[in-house]
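The values are calculated or read from the model by the stated rules, or taken from the named source; none is laboratory data. The model shown is predicted, which means the values in this text are computed figures rather than measured ones. No Cβ is skipped: glycine too gets one built from the backbone with ideal geometry, and neighbour counts run over all protein chains shown. Accessible surface is based on the protein model in full, side chains and every heavy atom, while ligands, DNA and RNA are left aside. Shrake-Rupley method; radii C 1.70, N 1.55, O 1.52, S 1.80 Å.
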Amino acid sequence: MNENASQGSVKRLKKEDGDMDRIFERIGAMKIIPVIKIENSKDAPELGKALVSGGLPCAEITFRTKAASESIASLRLRFPEMLLGAGTVLSVENVRDAVDAGAEFIVAPGFNPKVVDYCLERGIPVIPGVNSPTQVEMGLDRGLSVLKLFPAEATGGVRFLKALCSVYSMVK
């Protein structure tokens, strides 16, 4: 790769990193992100209306049903101000579908390097699931500072989280 191409990539990544930071700031400001499984995308507009009017204009729509992409697209169209993410993302194909539909961030139940790397290479905010120090360090190695403890209770709950935080205080 020539020097100019390399510099162009770095500039592009810095801009995307800023976009990722803004998404994580919005997530932090919300304090609560409803995680929602929608069976029928026709239910999405009422859900969006309830969330927005209730003062919680955000949702993580899980990819546990075939209605996920269409639901995200419907919410994005009707409620452009909403912070929308895709959860239970298990593959790069899920990432593509979610982002094409309008998702602004990705949440995965586990640390799938293909999913995480795909998102990071494209500046897509990603929150992978972790449940061990090794997985936390895999995230840190990739520059991630926001991770999801999953499955939290089965992994050890609050005691385990406190133990992790004593070592990895830089991770949210």
**Report entry** the chain, helix-only ellipticity at 222 nm - DSSP H runs n ≥ 4, -39,500 (n - 2.57), divided by all residues, nearest 500
**Finding:** -16500 deg cm²/dmol
Report summary line: Probe 1.4 Å, all chains present, heavy atoms only: Lys162 accessible area in Å², nearest 10, is 140
Query raised in the report: What translational D, rounded to a whole number of µm²/s, comes out for the chain from Stokes-Einstein when the hydrodynamic radius is the Kirkwood one over Cα pairs, at 10 °C and 1.306 mPa s?
Result: 94
Query - Ranked order, Arg26, Arg159 - accessible area, probe 1.4 Å, largest first - result: Arg159, Arg26
Requested in this report: Using the Cα centre as the reference, give the magnitude of the dipole from point charges on the C-beta atoms of the chain (Lys, Arg: +1; Asp, Glu: -1; all else neutral), rounded to the nearest 20 debye.
Outcome: 280
**Report entry** For Cys58, residues with placed amide H under 5 Å, excluding near neighbours
**Finding:** Leu83
Requested in this report: Determine the per residue accessible area of the chain with all protein chains present and a 1.4 angstrom probe, expressed in square angstrom.
Outcome: 57
